[in-house]
Amino acid sequence: MSSLDLEQTVATQKASLDRTFGLLNKAIAGFQKFVSLNRQEFKSTLAENQEIAAKALSVKDLQELLALQASQVQLAVEKAQSYWRHVYEITAIAQAEFTETIEAQFNRYPRDVQAFIDNLAKNAPTGSEAVLSASRSVMETVSSASEAARKAAKLAVETAENNVSAALDAPTRSARPDVEQTETDEKK
């Protein structure tokens, strides 16, 4: 093994470690965001529950209690929706960062393999052209398959994002008629 090959191997290993630690740091940052969100939601929910309990203890009749309960249903749905939107945003940001890193790696890999094949071709003995040609052909096929898989994965992510958005909006649409009906019944 020449010193050039050793230096290249060390550089490759270092780059791999840097990418690994970069991904770990991104994962930890995402986890910290989840912890912060949950801490904030816990404090907010505790304060809101204390306020609701105080209101519930001060009601004078059953109608007031039912009105209080009905008003809390819509707020609870909206709060849950808001929480899950934040979770989705944190997840989407983390996923985008991971995807960016992985795509950079996928884009780098074919170039590295092509450089290796070109280097091999320069130093190859005569008569090995068929092997090198086959290697290049395999590389092109792998590159094409990789690109198709990347496009399919991107489409799957977009579909999942659309489904999540629709799912997050559905509870609000379904809870509003129930709350409005309850409020109408209370007025009668």
Members of segment 58-68 that are part of a helix (DSSP H, G or I) and surrounded by 13 or more Cβ atoms within 10 Å (Cβ to Cβ): 64, 65, 66, 67, 68
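Which of the following residues is farther than 30 Å from residue 26 by Cβ and part of a helix (DSSP H, G or I): 115, 104, 134?
Working: 115 fails: farther than 30 Å from residue 26 by Cβ; 104 fails: farther than 30 Å from residue 26 by Cβ.
None of the others qualify; the one that does is 134.
Only one of these is modelled with pLDDT of 85 or more and either assigned to a helix (DSSP H, G or I) or touching a Gly at 6+ places or on another chain (Cβ under 9 Å) (or both): 109, 83. Name it. Spell out the reasoning first.
Details: 109 fails: modelled with pLDDT of 85 or more.
So the residue among 109, 83 that is modelled with pLDDT of 85 or more and either assigned to a helix (DSSP H, G or I) or touching a Gly at 6+ places or on another chain (Cβ under 9 Å) (or both) is 83.
Quick one: is residue 101 surrounded by 13 or more Cβ atoms within 10 Å (Cβ to Cβ), hydroxyl-bearing (Ser, Thr, Tyr), at pLDDT below 85 and within 25 Å of residue 21 (Cβ to Cβ)?
It is true that residue 101 is surrounded by 13 or more Cβ atoms within 10 Å (Cβ to Cβ), hydroxyl-bearing (Ser, Thr, Tyr), at pLDDT below 85 and within 25 Å of residue 21 (Cβ to Cβ).
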If you scan segment 1-57, which residues turn out to be surrounded by fewer than 13 Cβ atoms within 10 Å (Cβ to Cβ) and either in contact with a Cys (Cβ under 7 Å, 6 or more places away or on another chain) or among the charged types (D, E, K, R) (or both)? 5, 7, 14, 18, 39, 43, 51
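The values are calculated or read from the model by the stated rules, or taken from the named source; none is laboratory data. As the structure is a prediction and not an experimental result, all values here were calculated from the model. All Cβ positions, even for glycine, are placed from backbone atoms using ideal geometry, and neighbour counts span all protein chains on display.
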